[in-house]
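Visitor: Shown below is the structure under consideration.
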Amino acid sequence: MALKRIDLLICCGSGCVSAGALKIKERFHTVLEEHGLTGEVNLIETGCMGPCDYGPVMVIYPEGIFYKHVKVDDVDEIVAEHFVKGRPVQRLMLQEEEKVIAAQKEVPFYQKQIKVALANCGYINPESLEEYIATGGYEALGTVLTEMSPQDAINVVKESGLRGRGGGGFPTHIKWQMVHNIQDDEKYIICNGDEGDPGAFMDRSLLEGDPHRILEGMMLGAYSIGASKGFFYIRAEYPLAIQRIKGAIAQAKEAGLMGENIFGSNFSFDAEVRTGAGAFVCGEEMALIHSLEGERGNPTPKPPYPATKGLWEKPTVVNNVETMANLPTIFLKGAQWFAKMGTKTSKGTKVFALTGDINNTGLVEVPMGITLRELIYDVGGGMTGGHPFKAVQLGGPSGGCLTVEHLDVGVDYESLKERGAMMGSGGVIVMNDKKCMVNVAKFFIEFCVEESCGKCPPCRIGLKQMYNILDRITKGKGREGDIEELQRLGEAINKLSLCGLGQTAPNPVLSTIRYFRDEYEAHIRDKTCPTKVCSDLFYFNIDKEHCIGCSLCARKCPVACISGSREEKYTIHQVECIKCGNCQDVCPVNAIDRIPGMHIDVTRYQERLARVADDDD
């Protein structure tokens, strides 16, 4: 039978690659060649398609069939059944409530999403200039350069209501206008790709999946402010993103889309890539600029702002990757089209890295103002394992935790800030009722302590003091007044720190105290961890009525702290127990449980002291 032309799109975002997508692609090449179908099937390696929990994923056109959890062993069946016989492989499709969902557009994960920045991710070959142009690529640049003045372009961005997507949500047009108004022989534009939040992969996915869009966005900004040189600052841990951007720059130059007198205009532009060494503080624009100059990545007091005295003391605009990704579509579809999405003060869409204790983790783009409930349950598919929702951390390590009472709060800059959280760059970590919020706060503070540049005392010393208090609390050594001291320190650090890292770092602690104060009090006053997470505040105990004496716990214990027999049953000696949990994991009858509180096995401790004394003799 004659085979119609097929487009096979394989997601090669980082999540799917780690799950084996590249091996699947190689197998497809082999099997297609064996069937003589190489010329009939267009195999495309795309950027991230979004639903990481379903990976590896692929979409087959013209039908738009969506396959999930594909394995190398499935390739032969897909080629033989779907490509040759025209019968899609149903077992690889998404099934919900006995309903088979064949088409990608019908997958619930995508239903409430609106793709603007991510419009091409997962749909085109990111290394193909031709495919980008086929989707309207560089059309916006051509229109702006030939039909608009720089001021006209700034007015369009102002009308769209676009705000910076990297953290604080500063209006993009204000930065541009400030630099545009300054007369200088040289100006610069920088793309901030130094994404360092735990669990965040939005910028990485954009750079890997649609590099030409980011490059076009940079050139639109450069024309508007009068810059002739741009820099991509990307952390070295993103080698594929660096490779893709370098490739896009080379392709654009070869095609005449970058260089001298672009589109016959008087606008000339060049760009290059610089890599960062992974310092979280270099996400702050002045620290980034110093790093790009070859200096240590430390922030400096403002003013002066980068707009007046930035890279090499020249007027400079620093925009986030996602901010630049929105620009081509804003100019193509119009400012009003973009401004109709979102809320009164937060326009457009936002890309989030949705992670944690939910069924559908992944990369999503939703309109501003969507509620947390919709984001977590409709897009994220709800909580895993039937556990109830407890909290969500928004805004990365400097963000705040919100609770079940905030599920109907709209996700926008002002609403989140009012409640002690922040939009940040777009990290969303969902947590179930098994998480200890004191321990969560300690984790994020520890991260900020490690990443602090140490230049200003409030951040360098204050955050360390906050960590020390939290560490004591989680070890059962908390004291009355610790909560108030944490609040005092947090507020002082917020007011006195030099840059955004220190100013926002106390947020996880302050927000968890605000909404989960009872957990702090339980740790301090009762010396218990209600969720039985803090290892110093619980102990493992074997229920002898349920123990069957199989000895499996004792055999799997790495420190030999379990003794007993089938007749006497088994006992855990607490002094030597390292709380690894192996015994609980392997017990076939669930006879081992975590008991809240601090337990000391005095008898065993005395026996150990006696053994030490004997050895000394």
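Visitor: Mind checking which lysines have their C-alpha under 28 Å from Lys579, skipping anything on the same chain fewer than 8 residues away?
Guide: Lys579 reaches Lys390, Lys434, Lys435, Lys442, Lys464, Lys475, Lys477, Lys527, Lys532, Lys544, Lys556, Lys569.
Visitor: Convert each backbone phi in the range 95-112 into a coupling constant with the Karplus relation 6.51 cos²θ - 1.76 cosθ + 1.60 (shift: θ = phi - 60°), then list the ³J(HN,Hα) values in order as whole Hz, x for Gly and Pro.
Guide: These are the phi-based 3J(HN,Hα) values: 10, 10, 6, 6, 9, 8, 9, 8, 7, 4, 5, 9, 5, x, 3, 8, 4, 9 Hz.
Visitor: For the range 228-239, in order, what is each residue's ³J(HN,Hα) by Karplus, 6.51 cos²θ - 1.76 cosθ + 1.60 with θ = phi - 60°, in whole Hz (x at glycine and Pro)?
Guide: Values per residue, Gly and Pro as x: 10, 9, x, 10, 9, 9, 10, 5, 5, 6, 10, x Hz.
Visitor: Quick one: compute a quarter of the convex hull surface over the Cα atoms of the range 437-526 and quote it in nm². Present the calculation step by step, with values, prior to reporting the outcome.
Guide: Values: hull surface 19.4 nm².
For the range 437-526, averaging the hull's shadow over all directions gives 4.8 nm².
Visitor: Based on C-alpha coordinates, I'd like the Rg and Dmax of the range 278-376, in Å.
Guide: 17.5, 48
Visitor: Just the Kirkwood number for the range 289-345, please: inverse of mean 1/r across all distinct Cα pairs, in Å, one decimal. Kindly include the intermediate steps, with their values, before the conclusion.
Guide: On the way: mean 1/r = 0.0719 Å⁻¹.
For the range 289-345, the Kirkwood estimate is 13.9 Å.
Visitor: Something else now. Could you pull out every residue, at least 5 positions away or on a different chain, whose amide H is within less than 5 Å of the one on Thr361? Hs are placed 1.01 Å off N in the peptide plane, and Pro or chain starts have none.
Guide: Long-range HN contacts for Thr361: Asp53.
Visitor: If you take the Cα Rg of the range 313-465 and divide it by 2.2 N^0.38 Å, with N the number of residues, what do you get? Kindly include the intermediate steps, with their values, before the conclusion.
Guide: Values: Rg = 17.4 Å, N = 153, 2.2 N^0.38 = 14.9 Å.
Ratio of Rg to 2.2 N^0.38 Å for the range 313-465: 1.17.
Visitor: Under the 0.36 nm per residue contour assumption, what length would be gained going from the current alpha-carbon distance of Glu26 and Lys434 to full extension?
Guide: Details: separation 408, 0.36 × 408 = 146.88 nm, distance 4.10 nm.
Extending this stretch completely gives an extra 142.8 nm.
Visitor: Checking the cross-link filter: which lysines have an alpha carbon closer than 17 Å to that of Lys417, excluding same-chain neighbours under 8 positions apart?
Guide: Once the sequence-local lysines are set aside, what remains near Lys417 is Lys344, Lys347, Lys350, Lys495.
Visitor: Let me ask something else about it. What is the order of Phe170, Phe267, fewest Cβ neighbours within 10 Å to most? Show your work: numbers first, answer last.
Guide: Details: Phe170 14, Phe267 20.
Fewest to most other Cβ atoms nearby, the residues stand as Phe170, Phe267.
Visitor: Write down Rg/Rh for the range 6-107, rounded to two decimals, with Rg from the C-alpha atoms and Rh from the Kirkwood relation over Cα pairs. Could the numbers behind the result be given before it?
Guide: On the way: Rg = 12.6 Å, Rh = 13.5 Å.
Dividing the radius of gyration by the Kirkwood radius yields 0.93.
Visitor: Can I ask one more? Taking R0 as 41 Å, what's the FRET efficiency between Glu568 and Asn468 from their Cβ-Cβ distance, rounded to 0.05? Spell out each step's value before the answer.
Guide: Values: r = 43 Å, r/R0 = 1.06.
With R0 = 41 Å, the Cβ-Cβ based efficiency is 0.40.
Visitor: Roughly how far apart, in whole Å, are the Cα centres of the range 332-356 and the range 1-74?
Guide: 31
Visitor: Would you work out the relative contact order for the chain, in percent, from Cα pairs under 8 angstrom that are 6 or more residues apart? Numbers along the way, then the final one.
Guide: Working: 1278 pairs, mean separation 67.5, N = 617.
In percent, rounded to a whole number, it is 11.
Visitor: Also, I was wondering about something else. How high is the FRET efficiency between Gln183 and Gln243 when r is their beta carbon distance and R₀ equals 35 Å, given to the nearest 0.05?
Guide: On the way: r = 38 Å, r/R0 = 1.07.
So, using R0 = 35 Å, E works out to roughly 0.40.
Visitor: Could you pull the Rg and Dmax for the chain, using just the Cα atoms, both in Å?
Guide: Expressed in Å, the Cα Rg and Dmax of the chain come to 27.7, 93.
Visitor: What residues have an amide H closer than 5 Å to that of Gly276, excluding those fewer than 5 places away on the same chain, when H is modeled at 1.01 Å from N in the peptide plane?
Guide: It is Ile234, Arg235, Ala236, by chain and number.
Visitor: Normalised by the empirical 2.2 N^0.38 Å for globular proteins, what value does the Cα Rg of the range 419-572 take? Spell out each step's value before the answer.
Guide: Values: Rg = 19.9 Å, N = 154, 2.2 N^0.38 = 14.9 Å.
Expressed relative to 2.2 N^0.38 Å, the Cα Rg reads 1.33.
Visitor: Return a single number: how many Lys pairs in the range 129-339, at a sequence separation of 8 or more or on separate chains, have alpha-carbon atoms below 13 angstrom apart. Kindly include the intermediate steps, with their values, before the conclusion.
Guide: Working: Lys158/Lys175; Lys175/Lys187; Lys175/Lys309; Lys187/Lys229; Lys187/Lys309; Lys187/Lys314; Lys229/Lys314.
Value for the range 129-339: 7.
Visitor: Give the lysines reachable from Lys85 as a straight Cα distance under 26 Å; neighbours fewer than 8 places away on the same chain don't count.
Guide: By straight Cα distance, Lys85 reaches Lys4, Lys23, Lys25, Lys68, Lys71, Lys99, Lys105.
Visitor: Just to be sure I understand the model, the point goes 7 Å from the Cα along the line to the Cβ. What's the resulting His387 to Gln90 distance in nm?
Guide: Each label point is offset 7 Å from its Cα along the Cβ direction, giving 3.5 nm.
Visitor: Treating the range 349-432 as a set of equal point scatterers at the Cα positions, no solvent, please give the Debye-formula log₁₀ I(q)/I(0) at q = 0.13, 0.17, 0.22, 0.25 Å⁻¹.
Guide: Each listed q corresponds, in turn, to -0.32, -0.56, -0.99, -1.34.
Visitor: Taking Cα atoms, how many degrees apart are the long axis of helix 150-160 and the longest axis of the chain, rounded to 10 and kept between 0 and 90?
Guide: 40
Visitor: Let me ask you something else. Would the range 221-295 count as rounded, prolate or oblate if I go by the C-alpha gyration tensor, calling it rounded below 1.5 in a/c and otherwise prolate when a/b exceeds b/c, oblate otherwise?
Guide: Details: a/c = 3.38, a/b = 1.61, b/c = 2.10.
Oblate.
Visitor: Given the chain, what percent of its DSSP beta bridges are antiparallel, to the nearest 5? Walk me through the numbers on the way to the answer.
Guide: Numbers: 41 of 69 bridges.
Among the beta bridges of the chain, antiparallel pairing accounts for roughly 60 percent.
Visitor: Something else about it: Sort Asp543, Asp210 so the one with the fewest other Cβ atoms within 10 Å of its own Cβ comes first. Walk me through the intermediate numbers first.
Guide: Values: Asp543 13, Asp210 30.
Placing the least packed residue first, the sequence is Asp543, Asp210.
Visitor: Relative contact order of the range 437-526: what whole-number percent is it, with Cα pairs under 8 angstrom and at least 6 residues apart? Display every interim value, and only then the final one.
Guide: Working: 105 pairs, mean separation 34.3, N = 90.
Relative contact order comes out at 38 percent.
Visitor: Moving to a separate point now. Take the Cβ-Cβ distance between Val559 and Ser18 as r, set R0 to 25 Å, and report the resulting FRET efficiency rounded to the nearest 0.05. Provide the component values of the computation, followed by the final result.
Guide: Numbers: r = 33 Å, r/R0 = 1.32.
Taking R0 as 25 Å, the efficiency between Val559 and Ser18 is 0.15.
Visitor: Helix 21-34 against the longest principal axis of the chain: what's the angle in degrees, Cα atoms only, rounded to the nearest 10?
Guide: For 21-34 against the chain, the angle is about 60 degrees.
Visitor: Only counting other Cβ atoms within 10 Å, I'd like Ser452, Ser565 sorted with the fewest neighbours first.
Guide: Least crowded to most crowded, the residues run Ser565, Ser452.
Visitor: Report the rotationally averaged projected area of the range 129-339 based on its alpha-carbon convex hull, in square nanometres. Display every interim value, and only then the final one.
Guide: Numbers: hull surface 43.2 nm².
Directional mean of the projected Cα hull area for the range 129-339 stands at 10.8 nm².
Visitor: Using only Cα atoms and rounding to the nearest 10 degrees, what angle (0 to 90) does helix 437-451 make with the longest principal axis of the chain?
Guide: 60
Laboratory data are not the source of any read-out in this text; all were calculated from the coordinates shown. Keep in mind that what you see is a predicted model, and the values were worked out from it rather than measured. Methodologically, a virtual Cβ is constructed for each residue, glycine included, from the backbone with ideal geometry; neighbour enumeration extends over all protein chains shown.
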